[in-house]
Amino acid sequence: MELVCPAGNLPALKRAVDEGADAVYFGFQNATNARQFAGLNFTDHRAREGIAYAHARGRRVFCAINTYPQPEGWAQWTQAVDDAAALGVDALILADTGLLDYAATRYPDLPRHLSVQGSATSHEALRFYHDRFAIKRAVLPRVLSMTQVRDLARQSPVELEVFAFGSLCIMAEGRCYLSSYLTGESPNTRGVCSPASHVRWETTPEGLESRLGGVLIDRYAEGERAGYPTLCKGRFEVDGETYHAIEEPTSLNTLDLLPELHALGISAVKIEGRQRSPAYVATVAGIWRQALDRLEKAPERFHPEPAWQANLSELSEGATTTLGAYERRWK
Amino acid sequence: MLELTLGPVAFYWTRDRYADFYAQAGEWPIETVYLGETVCSRRRDMKLDDWRDIARSLTERGKRVVLSSQTLIESEADLRGLRKVCDNGDFMVEANDHSAVRLLADAGVPFVAGPAINLYNAAALGVMAKAGMQRWVMPVEMARDALANLLTARDAAGLDAPCEVFAYGHLPLAWSARCFTARRHGLPKDRCQFVCQQYPEGLPLCAQDAPDEVFTLNGIQTLSGACQDLRHEVPEMQRMGVAAARLSPRAEGMSEVVAAFDRARRGELAERDPLALTEVGCDGYWHGQAGMKRTALQATPT
């Protein structure tokens, strides 16, 4: 199984490669990818340096161009595809069918991966992308249970990559417009979710308050650990009760599922977090490298080290992790 | 003239409620009705044959009927249900997922691409047209100006692909593996006791400090808290070359909503009553802003 790690900048890319990532993924400094953060991502020049660094060590580099271009942005998105091809990336990670069509026509020999933003959750959907655009791999949305992943793996016409660790999207990716409803900017159109430019923190008599687009997302009592106001992880009132009505602040961690994912023939595990620091990426990549190496040697005897789990939990949102939808109970 | 369509019911109603609703809808000035369960496979009160019965009676009253497919397809059972809808043989299908697009394209059956298919540019429209798409519903978050550009690009590409705009109702904003209504009741999703049937217009989710609904929980689906209302934009839609306006069913008052849109497309809609502004729906997306914004209120001096 391949370990695919996030590269939000050149130092993170190098650390991921040093710690044993088989592949890294990056995006350009604009809305063409789903992690458009200020100060993050790659210029052409930095991308060239990063690709050379990874290739010199026998690792692969994928370029994420996984947002949805609108007519006024079409030229910028196709330019991103052209630039990535010219840089010599090993694969493009795409979601929009128009852009997939463009890439498949212009660069038939450059492998195409279907982004999680493409929202393919069945083998019939995968077949659509495979038949029309000859995708080589698909990243699965984080909404499927293990049983469903198993069914899919059995019938998939393409390689599958699954999310292994990091922030947990609990909505089917690529089909969540909650962020733009509150801010006007969404993952699909701007490559952002709950963007920082629309966040406001305020100390009030009721406690520390976080707002997104003016809407109160959460309110913290003194001493309570405050988290970033991702809108689906706030505390809201439903039918007279205030609670995490959609999801708690928590991260996905599938270390326990590795033997099963391995047995299903999953091709790659993906670490989320291009917005995270190089130190974070290095730690997570290192732990997952050790885990995959041990898995490779004796899959039937694999057990995650308690120290790995403890370190991963410490790095997680809310310091807790979940198996998410992979486990039926979560639903 | 702009066509009016009735979108699929997002909520889980009782059989009687669906029957009453569509009996009335048969009398409304709408041309097309979308039928079917688009949210959750566990909502099984209505079988495909029940929808077909309603479809036939609406057809007899001169309506065009389209069967809408489930949006989030997760299991083999979901796919079996989807195949039945796609193979129905009589009615056109609204594909709300690429699984449906694949099945319909393979069978050579023309289809409508639903709002969650994510068609934001002319190249994507071209891909779908080649697959057999006859009509598409604009992504709900798209702005008027972007849509105008897209319609121009579509025409320049010589594509025959009429556009339908989600013009009225709670906006469908997200789908999850988790059921939020069951979660509110402390029930696991696979033993949910069908609690969403208790909420014919969903379960309101509010911020801690304000009574306004932020979102509406509807099983695994999250809808907008406010109802989008683009009735005053109908003349603009007609000028732009939008083919149809979709009205998404609510539990109450749909007949008045349909009547207002019918007046709007005839150019007979009265100006906004400045005293009734608290009742206006949201229209931010259309104006390139956050979807929840009510631009009519912004224009009013406070």
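The values are calculated or read from the model by the stated rules, or taken from the named source; none is laboratory data. Everything quoted here is computed from the prediction, not taken from an experiment. Glycine also receives a Cβ, built like all others from the backbone with ideal geometry; neighbour counts cover every protein chain displayed.
Looking only at region A:244-255, decide whether some residue is farther than 28 Å from residue A:14 by Cα, away from chain B (no Cβ under 14 Å) and not polar (S, T, N, Q).
There is at least one residue in region A:244-255 that is farther than 28 Å from residue A:14 by Cα, away from chain B (no Cβ under 14 Å) and not polar (S, T, N, Q).
Mind checking which residues of region A:289-318 are in contact (Cβ under 8 Å) with a residue 12 or more places away in the chain and under 26 Å from residue B:178 (Cβ atoms)?
Of everything in region A:289-318, those that are in contact (Cβ under 8 Å) with a residue 12 or more places away in the chain and under 26 Å from residue B:178 (Cβ atoms) turn out to be A:304, A:309, A:312, A:313, A:315, A:316, A:317, A:318.
Could you look through region B:1-39, keep only residues that are assigned to a strand (DSSP E or B), closer than 21 Å to residue B:71 by Cα and aliphatic (A, V, I, L, M), and pick out the one that is nearest to the chain's Cα centre (by Cα)?
Applying the filter and picking the extreme gives B:6.
What single numbered condition from (1) within 14 Å of chain A (Cβ to nearest Cβ); (2) surrounded by 19 or more Cβ atoms within 10 Å (Cβ to Cβ); (3) more than 19 Å from residue B:246 (Cβ to Cβ) fails to hold for residue B:46?
Only one criterion in (1) within 14 Å of chain A (Cβ to nearest Cβ); (2) surrounded by 19 or more Cβ atoms within 10 Å (Cβ to Cβ); (3) more than 19 Å from residue B:246 (Cβ to Cβ) is unmet by residue B:46, namely (1).
Can you name the residue in region A:86-124 that is away from every other protein chain (no Cβ under 12 Å) and free of Cβ contacts under 8 Å to residues at least 12 places away in the same chain and, of all such residues, is surrounded by the fewest Cβ atoms within 10 Å (Cβ to Cβ)?
Within region A:86-124, the match that is surrounded by the fewest Cβ atoms within 10 Å (Cβ to Cβ) is A:109.
Farther than 30 Å from residue B:152 by Cα and surrounded by 19 or more Cβ atoms within 10 Å (Cβ to Cβ): does that describe residue A:81?
It is false that residue A:81 is farther than 30 Å from residue B:152 by Cα and surrounded by 19 or more Cβ atoms within 10 Å (Cβ to Cβ).
Enumerate the strands (runs of 3 or more DSSP E) found wholly within region A:143-232, keeping only those where 2 or more residues are more than 12 Å from every other protein chain (Cβ to nearest Cβ).
Strands (runs of 3 or more DSSP E) meeting the threshold: A:159-167, A:199-204.
Just to verify a result, which residue in region A:254-281, among those that are modelled with pLDDT of 95 or more and β-branched (Val, Ile, Thr), is farthest from the chain's Cα centre (by Cα)?
A:266
Looking at residue B:64, is it touching a residue at least 24 places away in the same chain (Cβ under 8 Å), in contact with a strand residue (DSSP E or B) (Cβ under 7 Å, 6 or more places away or on another chain) and surrounded by fewer than 22 Cβ atoms within 10 Å (Cβ to Cβ)?
yes
Looking only at residues in region B:189-225 that are more than 9 Å from every other protein chain (Cβ to nearest Cβ), buried (at least 22 other Cβ atoms within 10 Å of the Cβ) and under 18 Å from the mean Cα position of the chain (by Cα), which one is nearest to residue A:179 (Cα to Cα)?
B:223
Identify all residues within region B:143-157 that are facing chain A (nearest Cβ under 7 Å) and surrounded by 22 or more Cβ atoms within 10 Å (Cβ to Cβ); write none if there are none.
B:150
Only one of these is crowded, with 23+ Cβ neighbours inside 10 Å, within 14 Å of chain A (Cβ to nearest Cβ) and acidic (Asp, Glu): B:37, B:94, B:74. Name it.
One residue alone meets the criteria, B:74.
Go through region B:97-108 and report how many residues are more than 8 Å from every other protein chain (Cβ to nearest Cβ), under 22 Å from residue B:49 (Cα atoms) and out of contact with any strand residue (DSSP E or B) (no Cβ under 7 Å at 6 or more places or on another chain).
Count: 1.
Given the conditions (1) buried (at least 24 other Cβ atoms within 10 Å of the Cβ); (2) modelled with pLDDT of 95 or more; (3) under 30 Å from residue B:290 (Cβ atoms), and given that residue A:168 satisfies all but one, which numbered condition is not satisfied?
Tallying (1) buried (at least 24 other Cβ atoms within 10 Å of the Cβ); (2) modelled with pLDDT of 95 or more; (3) under 30 Å from residue B:290 (Cβ atoms), residue A:168 fails exactly one: (2).
Okay, residues lined up against (1) in the same structural domain as residue A:103 (by TED's automatic domain parsing); (2) modelled with pLDDT under 95; (3) not in a helix (DSSP H, G or I):
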site: A:34; (1), (2), (3): yes, yes, yes
site: A:49; (1), (2), (3): yes, no, no
site: A:69; (1), (2), (3): yes, no, yes
site: A:78; (1), (2), (3): yes, no, no
